[in-house]
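Enquirer: This is the structure, below, for whatever I ask next.
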Amino acid sequence: MGRTKGKRDERLVKSRKVKIMIATYLTVIELGLVNTRASDIAQKANVSQALMFYYFKSMENIFIETLHWVNNRIAQRLIRKVDSVNDPILQLKIRVDDSFLSTKENRRFYLYYLDFLREGARSEIFKKPNLDFNKTVFEKSLSYIQNGIRQNCFRDNLDLITAASMIKANIDGFMIQWLFDAEDTFHIYRKRCLDVIFRYVLKDLSLIDKLNLLE
């Protein structure tokens with residue numbers, strides 16, 4: 001009986017914390033990190049500020065835990081999708097496609113992400129969640145690049161570190177460019193990103209058209 005109640009209490013705590021973190025994510029997107037107040041998050045989550053600070057020690061704690069939560073969800077989703085196939089070319093395409101989900105989701109995420117990148121450049125506390133996220137994504141990129149070289153799909157002379165860095169740099173770079181462009185150019189930037197990355201890593205560039213890799 002006590003064990004069942006304990007599990008039920010754990011689920012309640014988790015669900016309430018997730019509710020507050022979702023509210024934090026949406027509020028930061030709407031108002032920006034520096035303008036987000038405790039009252040804004042509490043109102044969005046439909047909870048009292050007292051309850052919010054029962055689960056989180058401070059505003060800083062709310063922001064840090066939310067950043068970890070958002071980053072972990074994205075990283076785990078990416079890993080799950082990439083690991084669902086063995087073909088390194090498809091793994092790389094999935095990596096890019098997963099970063100270009102939809103105009104709504106991508107605009108939300110990058111408005112949020114860029115705010116925390118700015119803070120991470122100034123604060124060690126905000127830097128760590130982003131470093132952890134980048135490390136997870138980077139290590140997964142290394143695995144399918146190595147796989148591509150072994151299977152003779154990718155160039156033999158690829159430098160693994162440079163290639164993995166280039167993939168993320170292009171995804172972030174094209175996405176930031178899109179944020180300042182028209183909404184309907186989203187898929188144009190996705191194709192440009194795929195084209196640049198595949199032209200960098202592929203041994204046989206004719207595969208881009210043969211396999212419809214930009215579609």
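Enquirer: Ranking request for peptides 136-148, 11-23, 200-212: highest mean number of other beta-carbon atoms within 10 Å first, then the rest in descending order.
Expert: Working: 136-148: 18.6, 11-23: 15.2, 200-212: 13.0.
The peptides rank, most packed first, as 136-148, 11-23, 200-212.
Enquirer: Here's another thing I want to ask about it. A 25 angstrom limit on the alpha carbon distance is what I want to check against. Which of LYS14/LYS168; LYS81/LYS104; LYS57/LYS128; LYS93/LYS128 exceed it? Mind showing how you got there, number by number?
Expert: Working: LYS14/LYS168 32 Å; LYS81/LYS104 20 Å; LYS57/LYS128 19 Å; LYS93/LYS128 28 Å.
Check vs 25 Å cut-off fails for LYS14/LYS168; LYS93/LYS128.
Enquirer: Sorted by mean Cβ packing within 10 Å, highest first, what order do the peptides 99-111, 177-189 take?
Expert: Numbers: 99-111: 15.2, 177-189: 12.8.
Descending packing order for the listed peptides: 99-111, 177-189.
Enquirer: Considering all alpha-carbon pairs of segment 100-174, what whole percent are spaced by more than 22 angstrom?
Expert: Details: 1006 of 2775 pairs.
Within segment 100-174, distances greater than 22 Å cover 36 percent of Cα pairs.
Enquirer: How big is the equivalent ellipsoid of segment 51-131 along its three axes, where each semi-axis is √(5λ) from the Cα gyration tensor, reported in whole Å from largest to smallest? Intermediate results must be reported in sequence, preceding the final value.
Expert: Details: eigenvalues 165, 38, 32 Å².
Semi-axes, largest first: 29, 14, 13 Å.
Just so you know, all these numbers are worked out from the coordinates, no wet-lab data involved. Treat the numbers as computed from the prediction; the structure is a model and nothing was measured. Cβ: placed from backbone, ideal geometry, glycine included. Neighbour counts: every protein chain shown.
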